[in-house]
Amino acid sequence: MRVRYADKTSVDFVVVGGGGAGAIVAKELATAGFQVVILEQGPYLHEKDFEHDELKFKDIWEPPGTIGQEALTNDHSLQPNTYRKTADEKAVPATFVQYGRCIGGGTVHFTGNYWRFHEIDFHERSHWGEVPGAALADWPITYQELEPYYTKAEWELGVSGLAGASPFDPPRSKPYPLPPMPVKSSGTLLDRGARKLGWHSYPAPLAILSQPYQGRAACAHCGFCEQFGCEWGAKSSSLATVIPLAEKTGRCEIRPNSYVRKVSTDVRGRVDGVIYFDARRKELFQRAKAVVVCCNGAETPRLLLMSKSNLFPQGLANSSGLVGKHFMVDIGSMCLGTFEQPLKEYKSVRVTRVMHDFYDSDPKRGFFGGGGIDARFEFYPISFALNGLPPGTPRWGAEFKNALMENFNRTLTLFTHQTCLPLESNTITLDPDVKDAWGLPALRVTYQSHPDDFRTMKFFSDRCMELLDAAGAKKKWALPIRDATSAGHLLGTCRMGDSTQHSVVDKYHRAHDVRNLFIVDGSSFVTSGRNQPTCTIQALAYRAADHMIRAAKRGDI
Amino acid sequence: MDDGTSSRRQFVIGSATGLSAVWLQLHWPAILAAEAHAEQAAKLEQATFGFFTKEQALAVEAVAAQIIPSNGSPGASEAQVVHFIDRALISFDRDKQKTYTQGLAALQNKVSELFAGFSRFVDLNSQQQIHLLATIESTEFFEWIRVHTIMGFLAKPSYGGNQNQVGWEAIGFEDRMTYAPPFGYYDGESRKGQP
């Protein structure tokens, strides 16, 4: 059933990046009868490659340089980033951008938080007006246009949740295919706090199977979940869901360890294939009738900027000059509390309750932005010992050990996901000096959050402290409000829109400048929503594929 | 040879000179700890290391035993953290070798600087060791030995530390492939009608 296309064969579509978006696009196109090659820079791992090994898989935050999660994500020693706050600074080496670098991409290691956008997310600019200093804009599509694809994603991939449980839920055409995951103590404590404060926590929608579904096993609650690959195939990653379906068509070739350095164009300004390095760093050329770039909100603009040519001197698809601009990331705040009795949070999935009471922006708060809160335990044993103890706890010795023994099972984290405003000055560009291990320009991040984003962080930090109090925490503390120094949700750098001057792709993800080039991933986002983007990225991927198939069938590519 | 052996010797001498049962009762926990430490030291004497010399291993073991002490329950010694660190330094943390070599040399200098007549960290008593470590708390060497001790206490036993899962047991963690609800104490509080 495995198909292998020769490089010289001009396949119908090359999909660059086999992650949360690319795998869906590839599966849809192959199912519709097209020849597809997925080129993924990372490896093709399987359930047998995943294990309960915190040292190997967990990203241990501190100290920097500690071995981390590179088994599943980008390795900064091979692909360095540089970072600066503003364009007048010199960027310095950093580990800012993190993404899933394997077949399945970030969906292999993600928490599974699967929040739909709310209706307001698509038209915040026209509803609330301009935000000074930000490039807030409406999306060219509405929630209603995307709704069928949200439903498709939930039903095809397998999402557990309880429709209607949140009074703030957007309308939906179908309930979730699976009931919610069993609640954990973190969830009941959030329920307890929210109830006391008159707020509304509800079962988290999770892309993890609460029951067997479509031949896949249900979650066994082993606990090695976020930042780990699921050994049961119960996490609804694109690796466990659409990749096998794509392969089964016999028309989709998955080519891992293939690192694309340039999308190639012909004399007419049409894309004709991609130049990439194979596992041995040999340079190859794959011909294609159309190319779909699905690398993520940081690597996609980098690839387009690296793909400049005489016809496209500013980079491919960049006549607007907006490729790489409006970079948005997952900023937020975190508060922790300790409780009398053991929570045993190391078991099962990360999150079982979330709360959307302050999702909408509210002018009465005096700033723009909103968000949601989830309850979890943000640690595994080692990362907890290094980062999870109450402030003021000795860092070694008998008191340290006693605190570790006392708190590992009694600590709760409230984690917030919020607006990140789009700023034209926040960008992904090519570093002029630093190169990666393949000799390509390093990804340069220029990023500083909008003042309102900091106010949002503070607002949610305060709400979390109230929740911890109301839930009966013995001790509580807030992590300091600070700007992002790393990011895993990478959004906005090829924003979609109707105007060729003010956006990079149209509402169907086709590049304004190149008819046979499509861009489908977090880079298409016009605004950040509340920075739980995977559900929307995947709904957009189903929708984009749908329109690509229609266009291809009528000869319009 | 080392403080573990000398403690054992003291204990043996103490028994031989007929110290009272009351004394024994009072000091029994400390004696047990010293015995455990002596056993550990004896094991270290026979153990083979990929990076450390025997002398370095003894020092690392003693520092680790202060970072996560065996105060009534297993600590870094019982977890055999020194083996984790030794392996780390010839595999994933090869680039920290110099930090250790230099840090251990500096540690030895610090011993003689602070405690006249002593030259080895392992020969200091516990209070002296803690006092010394407090003076080097902000060094890169201490930070790494701290991080590595924690990792060695709590990583998968196959990395060489966390022997018999004593680290996991200490914090109340268990590595299993399946669990069933309820998971924790408060699970039962969920709202009516919701799982």
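List of remarks:
- Shown for B:114, A:421: other C-beta atoms within 10 Å of each C-beta, ranked fewest to most, produce the order B:114, A:421.
- The simple spin-label model puts a point 7 Å past each Cα toward its Cβ; for residue A:119 and residue A:220 those points are separated by 4.4 nm.
- Cβ-defined net charge surrounding residue B:109, 15 Å radius [Lys, Arg +1; Asp, Glu -1]: -1
- Projected label distance in nm at residue A:142 and residue A:75, using a 7 Å step from Cα toward the beta-carbon: 4.9
- Exposure here means at most 16 other Cβ atoms within 10 Å; with GluC sites (Glu not before Pro) in a DSSP loop as sites, the longest stretch of chain A lacking them is A:131-339.
- Under 5 Å, built H, 5+ apart or other chain: amide partners of residue A:354: A:202, A:204
- Per-residue ³J(HN,Hα) for the range A:536-546, Karplus 6.51 cos²θ - 1.76 cosθ + 1.60, θ = phi - 60°, Hz, x for Gly and Pro: 6, 4, 6, 5, 4, 5, 4, 5, 4, 4, 4
- Of all DSSP beta bridges in the protein assembly as shown, antiparallel share, percent nearest 5: 70
- Phi to ³J(HN,Hα) by Karplus 6.51 cos²θ - 1.76 cosθ + 1.60 over the range A:420-430, Hz, x for Gly, Pro: 10, 5, x, 10, 5, 7, 8, 9, 10, 9, 8
- Cross-link reach is defined here as a Cα-Cα straight distance under 20 Å, omitting same-chain residues fewer than 8 places apart; for residue A:308 the aspartates and glutamates meeting it are A:266, A:272, A:283, A:299, A:431, A:433, A:436, A:513.
- ³J(HN,Hα) computed for each position of the range A:180-186 - Karplus, 6.51 cos²θ - 1.76 cosθ + 1.60, integer Hz, glycine/proline x: x, 5, x, 6, 10, 4, 4
- Computed from point charges on the beta carbon alone (+1 for Lys and Arg, -1 for Asp and Glu), the dipole magnitude for chain A about its Cα centre is near 740 Debye.
- Amide H contacts under 5 Å for residue A:325: A:428, restricted to partners 5 or more places along the chain or on a different chain, H placed in the peptide plane at 1.01 Å from N.
- Shielding by partners, peptide A:214-226 (average Cβ within 10 angstrom, other chains): 2
- 20 Å binning of all Cα-Cα separations within chain A, expressed as whole percents from 0 upward: 23, 59, 18, 1
- Amide H contacts under 5 Å for residue A:253, placed H, 5+ residues apart: A:36, A:37, A:38
- Shape call, the range B:49-174: gyration tensor on alpha carbons, a/c limit 1.5: oblate
- Counting charges near residue A:132 (Lys, Arg +1; Asp, Glu -1) among other residues having Cβ under 15 Å from its Cβ returns a value of -3.
- Above-threshold pairs, the threshold being 25 Å between Cα atoms, out of A:174/A:235; A:48/A:152; A:27/A:184; A:196/A:347; A:48/A:282: A:48/A:152; A:27/A:184; A:196/A:347; A:48/A:282
- Contact order for chain A, expressed relative to its length and based on alpha carbon pairs under 8 Å spaced 6+ residues apart, stands at 23 percent.
- Exercise: per-residue mean of other protein chain Cβ atoms within 10 Å, B:164-176: 5
Bear in mind these aren't lab numbers, they're just calculated from the coordinates by the rules spelled out. Quantities reported herein were computed from a predicted structural model and do not represent experimental measurements. Here Cβ is always computed from backbone atoms with ideal geometry, including for glycine, and neighbour counts include all displayed protein chains.
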